[in-house]
1. If you consider only alpha-carbon coordinates, what radius of gyration and Dmax does the chain have, in Å?
2. Taking every Cα atom in region 1-96, find the radius of gyration and the maximum pairwise distance Dmax, and write them in Å.
3. Under 14 Å from a point placed 7 Å out from the Cα of Ala40 along the Cα-to-Cβ direction: which residues of region 153-188 have their backbone N that close?
4. To the nearest µm²/s, what D does Stokes-Einstein give for region 77-138 at 20 °C and 1.002 mPa s, using the Kirkwood radius over alpha carbon pairs as Rh?
5. In nm, to one decimal, how far is the Asp47 label point from the Leu239 one, both placed 7 Å along Cα→Cβ?
6. Which sequence of Tyr33, Tyr201, Tyr3, Tyr64 reflects their accessible areas, 1.4 Å probe, from the largest down?
7. How big is Rg to Rh over region 46-163, alpha-carbon atoms, Rh as the Kirkwood inverse-mean-distance radius?
8. Give me the accessible area per residue for region 38-185, probe 1.4 Å, as a whole number in Å².
Amino acid sequence: MRYVAVRDPASLPVTSRVLAIPAKRFDRPVLGYLTREQVAVILAAPDRASWSGRRDAVMLATNYNTGARVSEITALRVRDVLLERQTAVLLHGKGRKERVIPLWKNTATELRAWLTRIDGTSEAPVFPNRAGEPMSRSGVRDRLDRAVAAAEQHCPSLQDQHISPHTLRHSTAMHLLQSGTDLATIALWLGHSSPATTHQYLEADLSAKEAVLQHLADPGPAPARFQPDDSLLGFLQGL
């Protein structure tokens, strides 16, 4: 309707009425995220002895390191991986927005070794499928599901959890927050256009709320300690 209002001013009476309709209320679920231990088990799950297992391991490690969207991971090209004077990846986000995310030493080492096993031309995908084409969203989801299924054998807490590639993105944000990173930096890390989007991680962090509660005295009455009277003591002594 905003687009119509600009392109067709004659429709302004109708578009203004439509835009005046308030947004429908809905329940916003609490963000789901994984603990660091759970993430570590998932990252270690792929079979690195095979070509596809090595790719999955490096892909999931890069996904968690950068907090990238699935579309950003599948669009990653060899030219976007910087491993010389600095170790980082260039992500192409929504609205043609780009951001550079630094890499941990282990992630950079794995990426450097992985690039020697694929097409090294600048436009080649970093995480190709068997045909050499970029992986699809469903392909990334399928490989993550396989890693989670293998990880469940060593980490029972992963069972019955709905884990998607976006769960890794949420986990990255939560772990940055728990390590003391401010919301503005997390927003830049994830490529959020609105601070409200990043603020939801603060709302979901129960440990941060518990830390605040420790500095606030409980206004409730202190639990009373039972004091026996003389008759009860006399009865007990007579037993």
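The values are calculated or read from the model by the stated rules, or taken from the named source; none is laboratory data. If you're wondering where the values come from, they're calculated on a predicted model, not measured in any experiment. Quick reminder, even Gly has a Cβ in these numbers, built from the backbone with ideal geometry, and neighbours come from all protein chains shown. These accessible areas exclude ligands, DNA and RNA; they are computed on the full protein's heavy atoms, side chains included. Shrake-Rupley method; radii C 1.70, N 1.55, O 1.52, S 1.80 Å.
1. Expressed in Å, the Cα Rg and Dmax of the chain come to 26.1, 99.
2. In order Rg, Dmax, the Cα atoms of region 1-96 give 22.0, 65 Å.
3. Residues 155 fall inside that zone.
4. Estimated via Stokes-Einstein, D reaches 172 µm²/s.
5. It works out to 6.6 nm between the two label points.
6. Accessible-area ranking of Tyr33, Tyr201, Tyr3, Tyr64, largest first: Tyr3, Tyr33, Tyr64, Tyr201.
7. Values: Rg = 14.3 Å, Rh = 14.8 Å.
Rg divided by Rh gives 0.96.
8. 50
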